[in-house]
Amino acid sequence: MKYTFFTFAMLLCSLFVVNAQDNAPKTLFDNGGGSAEIGFYVAPGYQLTQAAGQTAHSFQGSAGVIFNKRFALGAAFYTTLNEFTPEMEMDDRLYLDLRYGGVRAEYILNPDNLVHFSFPLTIGGGEASMDYKRDLDFSEDPFGEDYFFFIEPGVQAEVNLIKNARLFAGASYRFTSGLDYEYSNPGNELVNIQSSDINGLALNLGIRFGLF
């Protein structure tokens, strides 16, 4: 009887180990390791989008706390990197600067899978301002600024590279309201940029570091 009990116990232990290995996060370059009920992440990234009829390259950064591996809550920030002139502006010495950020919530589907999906949602506010391009020596902030509210839902695919790093790529759409930015350009022409001019689809790419 004791040998039967010992055999049964060993079988249960074996099944437990196999099941634990199956449930461990799968990664591309290491064995995955364990996971945390409460984790955190920081995620630098790049965003390609359109604003005011032009292509905009933006830096995006986010950070947050992860609960039960599936829910994340934190913050995100975006700022345009290239000096693009809006299509409604005839003076190509000027460029539009966009900066915005807010609270970010996210649901992560099947996070232990090697490849999985997540659904981020960012809500907050931002600032739009015109300025002279950096190679021109003029005074700072000559055209004022205006502010807007935005909401940006998205979807992205993630690959678990190692237990503390995930590569992500996806798309989002930026909805804005409240922007009615009017300024007088160097030719004394009135130019107006509205919320509809900066709404748009965005492609996102980045890497998420943290304790998952």
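Quick look at the values:
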item	result
Selection of trypsin sites (Lys or Arg not before Pro), segment 124-212, meeting DSSP coil and at most 14 other Cβ within 10 Å	K133, R134
Rounded to the nearest 10 Å², the accessible area of L121 at probe 1.4 Å	60
Nearby aspartates and glutamates by direct alpha-carbon distance to K26 (threshold 20 angstrom, same-chain neighbours under 8 apart not counted)	E37, D112, E158
Separation in nanometres of the label points that stand 7 Å from Cα toward Cβ, at E37 and E189	6.3
GluC sites (Glu not before Pro) restricted to DSSP loop in segment 118-193 with at most 14 other C-beta within 10 Å	E140, E189
Additional length obtainable on full extension of the chain from L28 to L167, 0.36 nm per residue less Cα span	49.0 nm
Label-to-label distance, nm, for residues given as F119 and V159 (7 Å Cα→Cβ offset)	2.5
Per principal axis, descending, Cα span of segment 37-211 in whole Å	58, 30, 23
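The values are calculated or read from the model by the stated rules, or taken from the named source; none is laboratory data. Here the structure is a predicted model, which is why all the values come from computation and not from measurement. Backbone-built Cβ (ideal geometry, glycine too); neighbour counts: all protein chains shown. Calculation scope for accessible area: heavy atoms of the full protein, side chains included, ligands and nucleic acids excluded. Shrake-Rupley method; radii C 1.70, N 1.55, O 1.52, S 1.80 Å.
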